[in-house]
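The values are calculated or read from the model by the stated rules, or taken from the named source; none is laboratory data. Keep in mind that this is a model prediction, so the values were computed, not measured. Note that each Cβ is placed from the backbone with ideal geometry, even for glycine, and that neighbours are counted across all protein chains shown. Surface areas here come from the heavy atoms of the whole protein model, side chains and all, with no ligands, DNA or RNA. Shrake-Rupley method; radii C 1.70, N 1.55, O 1.52, S 1.80 Å.
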Amino acid sequence: MSQKVYQRIAGELEQMIRSGELKPMSRLPAERDLAAQFEVSRTTIREALMVLEAGEIIRIKDRSGAYVLPVARKSAGILHSIEATPGPHEVLQMRRLIEGEACFLVALNGSRRAIDAIVDANTANAEVPPDDTPEFHDATKQFHLSIAQGSENSLFVELLEYLWDQKSGPLWENWYGSTRSRQNRIAVLANNQEVTDAIVARRPQAARTAMQRHIDWMISRFLSY
């Protein structure tokens, strides 16, 4: 798999840091300035900075910016461990497309059995204590898969399984570690209920919009600091 744009930029910034062009303890240029310098979106810059933070090369401080750490704590080439996988923003964008359409199809044409399975999966997810991270994660995955399965499109199921499998490794773990909270899990349950209610009511557009709004929330959550 070819190197992604955010990975290339992270690599260039890493070299600038290791060469001394960007000094230890110095603040990196603002996102908008980096975006202009590299001619990419601010979202791509944020992904690149988060790669460097996962490699303990910089530290991102809320509402302050990104700072070069005194010593690069990990060996050069943090990109080697992630360059074979799609970036989180790509994963979430694709999920938005697939799952939004799956919700539309289930609400429009889903069988009674399929909708009952979605309701059951949502209930099971809601019954998991928000503090139980592994079980909550598994129950949430099953809820999303139940919608893909209910669409009766096998490719939706296969693609969603693949996309969920990408949510691992140092980059994802670093992001989860900084955003994992009881409050966010409660927000996930509220989003899931909104999706479920729209599907049960046979409101295809509302179901699609609810799922897309949920994924948009995730994008905002993971690509902001």
Where residues in the stretch 1-49 are in contact with a strand residue (DSSP E or B) (Cβ under 7 Å, 6 or more places away or on another chain) and in a helix (DSSP H, G or I), which of them is least open to solvent (accessible area, probe 1.4 Å)? 49
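Looking at this structure, is residue 129 assigned to a loop (DSSP other than H, G, I, E, B) and open to solvent by 50 Å² or more (accessible area, probe 1.4 Å)? First the steps, then the outcome.
Numbers: assigned to a loop (DSSP other than H, G, I, E, B): yes; open to solvent by 50 Å² or more (accessible area, probe 1.4 Å): yes.
So residue 129 passes the test.
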Applying the selection to the stretch 45-77, what residues are of a type in the set (Val, Ile, Thr) and at pLDDT 80 or above? 45, 51, 57, 58, 60, 68
Can you list residue pairs whose Cβ atoms sit under 7 Å apart, with the first residue in the stretch 122-143 being at pLDDT 90 or above and among the β-branched types (Val, Ile, Thr) and the second being part of a helix (DSSP H, G or I) and open to solvent by less than 70 Å² (accessible area, probe 1.4 Å)? Count only pairs 6 or more apart in sequence or on different chains. 128/136; 128/139; 140/125; 140/188
Across the stretch 186-214, what is the total count of residues that are buried (at least 17 other Cβ atoms within 10 Å of the Cβ), small (Gly, Ala, Ser) and farther than 16 Å from residue 140 by Cα? 3
Given 8, 27, which one is free of Cβ contacts under 8 Å to residues at least 24 places away in the same chain and basic (Lys, Arg)? 8
